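Trainee: What follows is a structure written as C-alpha cells; I'll ask about it next.
The values are calculated or read from the model by the stated rules, or taken from the named source; none is laboratory data. In this text the structure is predicted, and so the values were computed from the model without any measurement. All Cβ positions, glycine included, derive from the backbone under ideal geometry; neighbour counts span all protein chains shown.
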Amino acid sequence: MTRLLALLGGQLAAFFIQIFQMFRYFIQCMAEMWRVYLYRHQIIAQCYAIGVGSLPLVCLISAFSGMAVAIQTAYQMEAYVPDYMVGALIVRSVILVLSPILMGLVLAGRVGAGIASELGTMKVSEQVDALTSLAVDPVGYLMLPRVIAGLIMIPILVIYSFLVSIACGFVMSIIKMNITPTDLIKGMKLYFENYDVFVGLVKSAVYGGLLTFMGAYMGLCTQGGAQGVGRSATAAVVVSSALVLILDYFLTHALLY
Amino acid sequence: MKTKTAIEFVGVFKSFEAQPVLKGLNLQIPWSGITTILGPSGCGKSVTLKHVIGIEQADRGKVVVDGWDMARIRRGELIALRKRIGVLFQSSALFDSMTVMENVAFGLRMHTKMTEEEIAERVHVCLDAVRLAGTEAKMPVELSGGMRKRAALARAIAMQPDFILYDEPTTGLDPNTSSVVGDYILKLQSELNVTSVVVTHDMPLARRVSDRVALLYDGEAVVQGPVDEVEASKNEIFELFIEGRLG
C-alpha cells in the first residue's frame, strides 16, 4: 500500500513537473516573439512545410469525410426534412465541427509527430546544444517559427478543407441521393452563417498553435537515443489529439453558447 | 581586465536524477594554451564542458568563465560570452538540414552584420584552415566522419572565438584521422592563440597537444597541472588511467 502511494505520488509529481516545464517553454516562446523578424526565414520555411506539405493529405481526408457526411445526413434526415436541408447540414457540420476537429487530429499526426521527431533527433545528436553554443536560443529558433507557422497555416488548411469537403458532399448528394443542385444551394445559402466560419477558424488556429507547440516541446525535451525520439513523437500525437478533443468542447461552449 | 584564470570550477556538484556526476570539482584552466581534461568514460568530462557554455548549471559550487559567474550571468552577457566560445561537439553536431557553407556561416549570419560576400570569404578561410575548401555545397551526410569533425571545427572558429572547447575530438575516428584532428588542434592553437580545452580519454592525443592536463575521476579532479609535472607526480590514479586499468 505504501509502495502504491509512493508510486502514485511520484507519478503525480512528475505530471506537475511536466506541466510546469511546459508552461516555462510557453513563456520562453512568447518572450521570443519580439525577435520574430530575426526568424522570418524559418517561419517561411515552416509555413511551406506545414501548409504545402500537408495539402495532399488534407485534400484526401476532406474529400472522403465530406462525402461520408453527405450520405449520413441524407440517410438520417431524408424521411423527416426537405431535401434542401441536407445542403444546410453538410455546410454547418463541416464548418463547425468536422473540418476543424478532423484537421486537428490528422495534423497532430502529420505535423506534430514530424516536429517532435525532427527536433528530438536534433536534441539527441547535440544539434540543439550546438545552437545554444552558437548563442542562438533553441526555443526562439526552433519552436517559435513552427508555432507561428501552425497558427497561420492550419486555419488556411482548414479553409481549404471546408471547400473540398463541401464540394465533395455536394457532388455525392447529387449522384447518390438524387438531390437537385438547386435544393442543395438553397439549403446552403439559407443556413450559412459567417459566424460559423469564424468559430471554425478560431478553433483551427488554437489547434494549430497547440499541436505545433506540443510537437516542439516534446522534441526539445527528448532524452535518450532513437527510442527517446520515438517516445517523443508518440507523446506529441497522443497529447495533442487528446487536447484537441478536450479543447473542442470548451471552445464550442465558449463560442456558441 | 583579464582574470587570473580563464575558466575556474570551485567545488562544483552536479547530479542527474539523483545520480551524482560531479562531486565538488575544483579545476583551474589558465589563459592561452591547451588544457586537456582526461578521464574514463562517464566520469563527467562532457558535463564539465557543458558548464562552461552554460548548457548545464551547477547544483552547488561556482563556475567562472572569464570572470563571469555562470550562475549569476545575465542573458545578454551569456549570449555575448557564448559568441566568444567555439565548441566542437563529440558527434560534430552539424545541422543536417544545412550545407557545410550554411553550417559554418550560421553564427556569422545570426550575430554579425557582415555582407554575404564577407561571410562567404570568412567561410572559405575557415574551411581552408581545415582543408575542406570545395565542400561548401555538400550536406553533412555526404561527408566522412573525419570531414564532419573538420567542418564542425570550421564552424567553431568562424566567429573568431577566444575559447575553443573540444569534446572528444577523436572519438569514432581511425588512428590516422585522429592524428589529423590532433594536427588541426595544434595548428589552430598556434594560429589563433586561444584558450583551448580538450576533453578526451585518448592519451596519445593528450600527450601530443596538451600544455596542461587534469584527470577527472569519481566527480573530482584528482590531479592537474603541466603535463610533465603530472606525469612525474606518480599519482596512483593517473598511472592506472595511463595503463588502462582505471574502471
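Trainee: Filter segment B:83-103 down to the residues that are of a type in the set (S, T, N, Q) and farther than 15 Å from B:Val130 by Cβ, then identify the one that is farthest from the other protein chains (Cβ to nearest Cβ).
Mentor: B:Thr99
Trainee: Pick from segment A:114-142 the residues that are aliphatic (A, V, I, L, M) and in contact with a Ser or Thr (Cβ under 8 Å, 6 or more places away or on another chain): which of them is farthest from A:Ala242 (Cα to Cα)? Outline the logic, then answer.
Mentor: Here is the first cut: in segment A:114-142, the residues aliphatic (A, V, I, L, M) are A:115-116, A:119, A:122, A:124, A:128, A:130-131, A:134-136, A:139, A:142.
Then keep just the ones that are in contact with a Ser or Thr (Cβ under 8 Å, 6 or more places away or on another chain); that gives A:115-116, A:119, A:124.
On the way: A:Ile115: 18, A:Ala116: 16, A:Leu119: 21, A:Val124: 27 Å.
Checking each candidate, the answer is A:Val124.
Trainee: How many residues are in contact with a Gly (Cβ under 7 Å, 6 or more places away or on another chain) and of a type in the set (Asp, Glu) when one looks only at segment A:85-132?
Mentor: Result for segment A:85-132: 1.
Trainee: Another one. Quick one: how many residues across segment A:138-147 are of a type in the set (A, V, I, L, M) and within 13 Å of the chain's Cα centre (by Cα)?
Mentor: 1
Trainee: Can I ask one more? Return the total of residues in segment B:33-74 being small (Gly, Ala, Ser), loosely packed, with under 14 Cβ neighbours inside 10 Å and in contact with a strand residue (DSSP E or B) (Cβ under 6 Å, 6 or more places away or on another chain).
Mentor: The qualifying residues number 0.
Trainee: Let me ask something else about it. In segment B:84-104, which residues are crowded, with 24+ Cβ neighbours inside 10 Å and out of contact with any strand residue (DSSP E or B) (no Cβ under 8 Å at 6 or more places or on another chain)?
Mentor: Listed by number, the residues that qualify are B:Ser92, B:Ala93, B:Leu94, B:Val100, B:Asn103, B:Val104.
Trainee: For residues that are under 16 Å from the mean Cα position of the chain (by Cα) and either on the phi > 0 side of the Ramachandran plot or among the acidic types (Asp, Glu) (or both), tally how many sit in segment B:14-59.
Mentor: Summing the residues that are under 16 Å from the mean Cα position of the chain (by Cα) and either on the phi > 0 side of the Ramachandran plot or among the acidic types (Asp, Glu) (or both) in segment B:14-59 gives 6.
Trainee: Exactly one condition in (1) within 14 Å of chain A (Cβ to nearest Cβ); (2) of a type in the set (Asp, Glu); (3) surrounded by 17 or more Cβ atoms within 10 Å (Cβ to Cβ) is not met by B:Glu77; state its number.
Mentor: Result: B:Glu77 passes all but (3).
Trainee: Restricted to segment B:104-135, and to residues that are among the polar types (S, T, N, Q) and more than 14 Å from every other protein chain (Cβ to nearest Cβ), which residue is farthest from A:His41 (Cα to Cα)?
Mentor: Quick first cut of segment B:104-135, residues among the polar types (S, T, N, Q) only: B:112, B:115, B:135.
Restricting the remaining residues to those that are more than 14 Å from every other protein chain (Cβ to nearest Cβ) gives B:115, B:135.
Details: B:Thr115: 17, B:Thr135: 24 Å.
So, considering only residues that are among the polar types (S, T, N, Q) and more than 14 Å from every other protein chain (Cβ to nearest Cβ), the one farthest from A:His41 (Cα to Cα) is B:Thr135.
Trainee: Sticking with this one: Go through segment B:136-187 and give me each residue that's among the basic types (Lys, Arg), away from chain A (no Cβ under 12 Å) and crowded, with 22+ Cβ neighbours inside 10 Å.
Mentor: B:Lys149, B:Arg150
Trainee: Further question: Residue check: is A:Val86 outside any helix (DSSP H, G or I), at pLDDT below 90 and either of a type in the set (A, V, I, L, M) or over 25 Å from the mean Cα position of the chain (by Cα) (or both)?
Mentor: Here the answer is no, as A:Val86 does not meet what is asked.
Trainee: Search segment B:74-128 for residues being of a type in the set (Ser, Thr, Tyr) and over 21 Å from the mean Cα position of the chain (by Cα), and hand back the single one that is nearest to B:Glu142 (Cα to Cα). Quick ask: steps written out before the conclusion?
Mentor: Taking segment B:74-128 as the starting set, the residues that turn out to be of a type in the set (Ser, Thr, Tyr) are B:91-92, B:97, B:99, B:112, B:115.
Within this subset, residues satisfying the condition of being over 21 Å from the mean Cα position of the chain (by Cα) are B:97, B:99, B:112, B:115.
Working: B:Ser97: 12, B:Thr99: 10, B:Thr112: 28, B:Thr115: 28 Å.
Among those that are of a type in the set (Ser, Thr, Tyr) and over 21 Å from the mean Cα position of the chain (by Cα), it is B:Thr99.
Trainee: Based on this model, can you work out whether A:Leu201 counts as touching a Phe, Trp or Tyr at 6+ places or on another chain (Cβ under 9 Å) and aliphatic (A, V, I, L, M)?
Mentor: no
Trainee: To continue, here is another question. Name the residues in segment B:58-86 that are in contact (Cβ under 8 Å) with a residue 12 or more places away in the chain, out of contact with any Pro (no Cβ under 9 Å at 6 or more places or on another chain) and hydrophobic (A, V, I, L, M, F, W, C), would you?
Mentor: Hits for segment B:58-86 are B:Ala58, B:Val63, B:Val64, B:Val65, B:Trp68, B:Met70, B:Ala71, B:Ile73, B:Leu78, B:Leu81.
Trainee: Within the group A:Ser161, A:Ser125, which residue is touching a residue at least 24 places away in the same chain (Cβ under 8 Å) and small (Gly, Ala, Ser)?
Mentor: Details: A:Ser125 fails: touching a residue at least 24 places away in the same chain (Cβ under 8 Å).
The unique qualifying residue is A:Ser161.
Trainee: Go through A:Ile50, A:Ile43, A:Ile61, A:Ile17 for me and flag whichever is in a helix (DSSP H, G or I) and either among the acidic types (Asp, Glu) or more than 30 Å from A:Leu163 (Cα to Cα) (or both).
Mentor: When all the criteria are applied, what remains is A:Ile17.
Trainee: I'd like the full set of residues that are in contact with a Leu (Cβ under 6 Å, 6 or more places away or on another chain) and without any contact (Cβ under 8 Å) to a residue 24 or more places away in the chain, limited to segment B:182-231.
Mentor: B:Val222, B:Val223
Trainee: Of all residues in segment A:93-126, which are of a type in the set (Ser, Thr, Tyr), more than 14 Å from chain B (Cβ to nearest Cβ) and surrounded by fewer than 24 Cβ atoms within 10 Å (Cβ to Cβ)?
Mentor: A:Ser93
Trainee: State whether the residues of segment B:10-23 include one that is in a helix (DSSP H, G or I), touching a strand residue (DSSP E or B) at 6+ places or on another chain (Cβ under 8 Å) and either within 14 Å of another protein chain (Cβ to nearest Cβ) or farther than 30 Å from B:Leu108 by Cβ (or both).
Mentor: No; the residues of segment B:10-23 include none that is in a helix (DSSP H, G or I), touching a strand residue (DSSP E or B) at 6+ places or on another chain (Cβ under 8 Å) and either within 14 Å of another protein chain (Cβ to nearest Cβ) or farther than 30 Å from B:Leu108 by Cβ (or both).
Trainee: Sticking with this structure for a sec: When A:Leu142 is evaluated against the numbered criteria (1) more than 14 Å from chain B (Cβ to nearest Cβ); (2) among the hydrophobic types (A, V, I, L, M, F, W, C); (3) touching a residue at least 24 places away in the same chain (Cβ under 8 Å), which criterion, by number, is the only one it fails?
Mentor: Failed condition: (1).
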